[in-house]
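Asker: Quick one: the structure is below, and I'll ask about it shortly.
The values are calculated or read from the model by the stated rules, or taken from the named source; none is laboratory data. Fair warning: this is a prediction, and the values are worked out from it, not measured in the lab. Cβ: placed from backbone, ideal geometry, glycine included. Neighbour counts: every protein chain shown.
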């Protein structure tokens with residue numbers, strides 16, 4: 001079968017994406033490469049290669065050597081790949097504890113991480129009941145109105161926490177939703193004191209959620225685990241029990257990530 005240019009039949013935007021990844025892949029296979037070498041290797045005009053390289057350079061993914069003017073990948077590309085690997089490792093490490101939480105409660109279990117100024121669900125186990133929380137992996141949710149968001153931000157370093165809060169649009173989803181930054185800061189202080197994030201129908205109607213953070217080997221809150229209950233099945237008298245099982249799960253996954261001492265155990 002003859003070789004054929006997969007970009008020739010694609011819309012311009014798709015073709016541009018394919019070319020960017022072709023260049024990135026080529027750069028990843030050598031320490032540094034010239035425009036002429038990339039042009040020859042990718043069967044792409046030099047002017048086109050140069051234009052894409054300059055854009056990737058401005059975004060911080062490509063570097064150019066001053067003397068040789070050859071191009072290579074920066075650590076930013078490495079960091080992006082490392083984050084993807086971290087999420088894969090995190091999911092694998094969390095699966096067992098999430099399964100245990102599911103067995104103990106029969107409710108929906110989520111694993112979430114920060115994504116810009118939102119929470120993104122990276123893994124979940126559905127409730128064993130017909131009625132549970134609707135969600136899907138990859139869905140984003142607001143920091144200020146979710147137990148996961150509160151658990152992540154309550155143990156965030158102050159500088160990053162304040163920066164994230166400054167970018168939050170305090171949308172009022174339900175009557176109980178926190179409406180401004182001042183109230184949210186008070187809620188985060190309460191979250192640290194009680195050692196879990198709590199969402200009493202702030203985001204999803206008739207849904208109550210509880211969450212605890214997961215820490216990495218730098219003792220940074222890198223993710224959070226939550227249990228989500230339909231309000232009619234949530235028993236407030238069992239909150240201490242839910243906190244206990246969530247904390248065991250959070251502590252175990254944190255230890256697997258290299259966290260030597262779970263921060264929630266150290267706080268009075």
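Asker: Out of (1) closer than 25 Å to residue 266 by Cα; (2) touching a strand residue (DSSP E or B) at 6+ places or on another chain (Cβ under 7 Å), what's the single condition that is false for residue 109?
Answerer: Tallying (1) closer than 25 Å to residue 266 by Cα; (2) touching a strand residue (DSSP E or B) at 6+ places or on another chain (Cβ under 7 Å), residue 109 fails exactly one: (1).
Asker: State yes or no: is residue 164 more than 21 Å from residue 238 (Cα to Cα), in contact with a helix residue (DSSP H, G or I) (Cβ under 8 Å, 6 or more places away or on another chain) and at pLDDT 95 or above?
Answerer: Working: more than 21 Å from residue 238 (Cα to Cα): yes; in contact with a helix residue (DSSP H, G or I) (Cβ under 8 Å, 6 or more places away or on another chain): yes; at pLDDT 95 or above: no.
In short, no.
Asker: Only one residue in 147, 166 is assigned by TED's automatic domain parsing to the domain that holds residue 242 and over 22 Å from residue 241 (Cβ atoms). Which one?
Answerer: Numbers: 147 fails: over 22 Å from residue 241 (Cβ atoms).
After ruling out the rest, the residue left standing is 166.
Asker: From 189, 179, grab the single residue that is out of contact with any strand residue (DSSP E or B) (no Cβ under 9 Å at 6 or more places or on another chain), over 18 Å from residue 104 (Cβ atoms), modelled with pLDDT under 95 and surrounded by fewer than 17 Cβ atoms within 10 Å (Cβ to Cβ).
Answerer: Values: 189 fails: modelled with pLDDT under 95.
Sole residue among the options that is out of contact with any strand residue (DSSP E or B) (no Cβ under 9 Å at 6 or more places or on another chain), over 18 Å from residue 104 (Cβ atoms), modelled with pLDDT under 95 and surrounded by fewer than 17 Cβ atoms within 10 Å (Cβ to Cβ): 179.
Asker: Another question, if that's okay. So is residue 53 under 13 Å from residue 70 (Cα atoms) and either in contact with a strand residue (DSSP E or B) (Cβ under 9 Å, 6 or more places away or on another chain) or part of a loop (DSSP other than H, G, I, E, B) (or both) or not?
Answerer: Working: under 13 Å from residue 70 (Cα atoms): yes; either in contact with a strand residue (DSSP E or B) (Cβ under 9 Å, 6 or more places away or on another chain) or part of a loop (DSSP other than H, G, I, E, B) (or both): yes.
Yes.
Asker: Identify the single condition in (1) within 29 Å of residue 258 (Cα to Cα); (2) modelled with pLDDT of 85 or more that residue 81 does not satisfy, given that it satisfies every other one.
Answerer: If we test residue 81 against (1) within 29 Å of residue 258 (Cα to Cα); (2) modelled with pLDDT of 85 or more, just (2) comes out false.
Asker: Checking the structure you have, find out if any residue of the stretch 123-130 is more than 14 Å from the chain's Cα centre (by Cα), touching a residue at least 60 places away in the same chain (Cβ under 8 Å), in the same structural domain as residue 200 (by TED's automatic domain parsing) and surrounded by fewer than 19 Cβ atoms within 10 Å (Cβ to Cβ).
Answerer: yes
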